[in-house]
Every structure is written in structure tokens, then in C-alpha cells.
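Asks: Quick one: the structure is below, and I'll ask about it shortly.
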Amino acid sequence: MTFHSTPPKRTQPTSLPTYAAKDLTEGGDLAQIVLDDQTYTLRVTRAGKLILTK
């Protein structure tokens, strides 16, 4: 498993951090997201939907 630096944030008028899914997946369909000691998989479907699984 390889961890990359945080992708650049997209400028939005809101104060919430916003990331493009394609930046997180580096143009692919999968990314891993780690929260504490849990790893989650973010998947972009063929229909352009996002699925987050443990």
C-alpha cells in the first residue's frame, strides 16, 4: 500500500475541505482512505457514483 501526499484542494465558497474524487484516485477508479487504524476503499463506479466501503 502506498500513501501519497494530500491532493490539492479545490477552491469552493464553503469552509469545508473539498477534493475531486479523480484527484483522490489519481485518475483511476480506486483510492484508500485511512481513518485512525481503519482503511476504507473509495470506488468510482462506471455510472460515476462513489462507493465507500470498509
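The values are calculated or read from the model by the stated rules, or taken from the named source; none is laboratory data. Just so we're clear, the structure is a prediction, and the values are computed from it rather than from any experiment. Reconstructed Cβ throughout: ideal geometry from the backbone, glycine too, with neighbour counts over all protein chains shown. We work out accessible area using only protein heavy atoms, side chains counted, and drop any ligands, DNA or RNA first. Shrake-Rupley method; radii C 1.70, N 1.55, O 1.52, S 1.80 Å.
Asks: With every protein chain kept in place and ligands, DNA and RNA left out, what is the accessible area per residue of the chain? Probe 1.4 Å, answer in Å². Show your work: numbers first, answer last.
Replies: On the way: 4680 Å² over 54 residues.
Heavy-atom SASA per residue in the chain reads 87 Å².
Asks: Simple spin-label model, 7 Å along Cα-to-Cβ: LEU52 to HIS4 in nm?
Replies: Calculated label separation equals 1.9 nm.
Asks: Ignoring ligands, DNA and RNA, what percent of the 1.4 Å accessible area of the chain is carbon and sulfur?
Replies: Of all accessible area on the chain, carbon and sulfur atoms account for 52 percent.
Asks: Want the number for LEU30 to LEU16: 0.36 nm per residue separation, take away the alpha-carbon distance, what's left?
Replies: Contour length minus Cα-Cα distance gives 2.8 nm.
Asks: Tell me the mean residue ellipticity at 222 nm calculated for the chain from its helices only (DSSP H runs of n ≥ 4, each -39500 (n - 2.57), averaged over every residue, nearest 500).
Replies: Computed mean residue ellipticity for the chain: -1000 deg cm²/dmol.
Asks: What is the distance, in nm, between label points placed 7 Å from the Cα along the Cα-to-Cβ direction at ARG43 and at ASP23?
Replies: It is 2.5 nm.
Asks: Separate question: Mind sorting out which of [x] 71; [y] 106; [z] 119 is the real volume of the Cα convex hull per residue in Å³ computed from the coordinates?
Replies: The value matching this structure is [y].
Asks: In addition: I'd like to know which of ILE33, SER5, PRO17 lies farthest towards the positive end of the charge dipole of the chain, counting +1 on Cβ of Lys and Arg and -1 on Cβ of Asp and Glu.
Replies: It is PRO17, whose Cα lies furthest towards the positive end.
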